[in-house]
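Written below as structure tokens is the structure these notes are about.
The values are calculated or read from the model by the stated rules, or taken from the named source; none is laboratory data. No experiment lies behind these values; they were computed from the predicted model shown. With ideal geometry, Cβ positions are generated from the backbone for all residues, glycine too; neighbour counts draw on all protein chains shown. Ligands, DNA and RNA are excluded from the accessible area calculation, which covers all protein heavy atoms including side chains. Shrake-Rupley method; radii C 1.70, N 1.55, O 1.52, S 1.80 Å.
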Amino acid sequence: MKINNIKIGILGLGYVGLPLAVEFSKKFNVIGFDINYKRINNLKKHKDTTLEVTKTDLIKSKKLNFTSTVSDLSKCNIFIITVPTPIDKNNNPDLKPIINSSKLVASILKKNNFVIYESTVYPGLTEEVCVPIIEKISKLKMNKDFYVGYSPERINPGDTKHKISDIIKITSGSNKYASNFINQLYKKIITAGTYKTSSIKVAEAAKVIENTQRDLNIALMNELSMIFNKLKIDTNEVINA
């Protein structure tokens, strides 16, 4: 696929999907899709309730259109899935959003299209859960008729200093061609550069340990803060020191 012929569909317009859609729309035609009608209506009025994107950014995004209609997505040839992956009451991954998104894309997938996942998943999920769903519904075969990639989101919600283009992007693909293409695609919008992994599983694992490391750091600092408080020590002063 030639870069000039790209039309991107982004599924899920939360704190990850919306900034990504705005950034890609600076280079390509983009359709932002979400099943939340209220969210779509607000975005059409240039209102982002997550406060990740400014009204000015949305007004300037002339190549970006928002929709809740699946048929509008059928015009795209690259689909990027940025839906949430929460856990249920038993602390098990709730895969419904990512499975439903995979089914939706599969229903409109065409030959030579790309499906890229950005949602946080465990190593193996993309190829072992999502791909079989796509192949079954679309009647197409991965690496023969369509290609898959994984490029985990690295957004820190509410961080106005480190935007999507400022953070190195991990990329991966289902084969060498897909890997190279997806890496070049993200290079178009990520000024900080990209890091291409050897496989989708490696990229998935990198995301998991990145989140784990962040959670451990937060937990540790919370514990230390409680200790410092009892010792009547200013935690912020300790961090600055």
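If packing is taken as the average count of other Cβ atoms within 10 Å, what order do 49-59, 86-96 fall into, highest mean first? It would help to have the intermediate numbers written out before the result.
Working: 49-59: 14.3, 86-96: 10.5.
Result, highest mean Cβ count within 10 Å first: 49-59, 86-96.
If I stretch the segment between V238 and K44 completely, what's the gain in nm (0.36 nm per residue apart, minus their alpha carbon distance), one decimal? If you can, show how the numbers build up before the last one.
Values: separation 194, 0.36 × 194 = 69.84 nm, distance 4.59 nm.
My answer for the length gained is 65.3 nm.
Which whole-number percent gives the relative contact order of the chain, counting Cα pairs below 8 Å spaced six or more residues apart? Could the numbers behind the result be given before it?
Values: 404 pairs, mean separation 37.2, N = 241.
Relative contact order comes out at 15 percent.
Could you state the accessible area per residue of the chain in Å², with a 1.4 Å probe and every protein chain left in place? Let's see the in-between values first.
Details: 13120 Å² over 241 residues.
Per residue, the chain has 54 Å² of solvent-accessible surface.
K144: which aspartates and glutamates have alpha carbons under 12 Å from its alpha carbon, excluding same-chain residues fewer than 8 sequence positions away?
Partners within reach: E135.
Which links in K161/K201; K2/K136; K2/K196 stretch past 23 Å when you go from one Cα to the other? List each step's numbers first, then the result.
Numbers: K161/K201 30 Å; K2/K136 27 Å; K2/K196 20 Å.
Long pairs (Cα-Cα over 23 Å): K161/K201; K2/K136.
Over the chain, with every protein chain in place, what whole percent of the accessible area is carbon and sulfur at 1.4 Å, could you tell me? Before the final figure, lay out each step's value.
Working: 7030 of 13120 Å².
Carbon and sulfur together cover 54 percent of it.
What shape does region 45-191 have by the C-alpha gyration tensor, where a ≥ b ≥ c are the square roots of the eigenvalues, rounded means a/c under 1.5, and otherwise prolate means a/b greater than b/c and oblate the rest?
Numbers: a/c = 1.43, a/b = 1.32, b/c = 1.09.
Verdict is rounded for region 45-191.
Once you place label points 7 Å from the Cα toward the Cβ at I87 and N211, how far apart are they in nm?
Label-label distance for I87 and N211, simple model: 0.9 nm.
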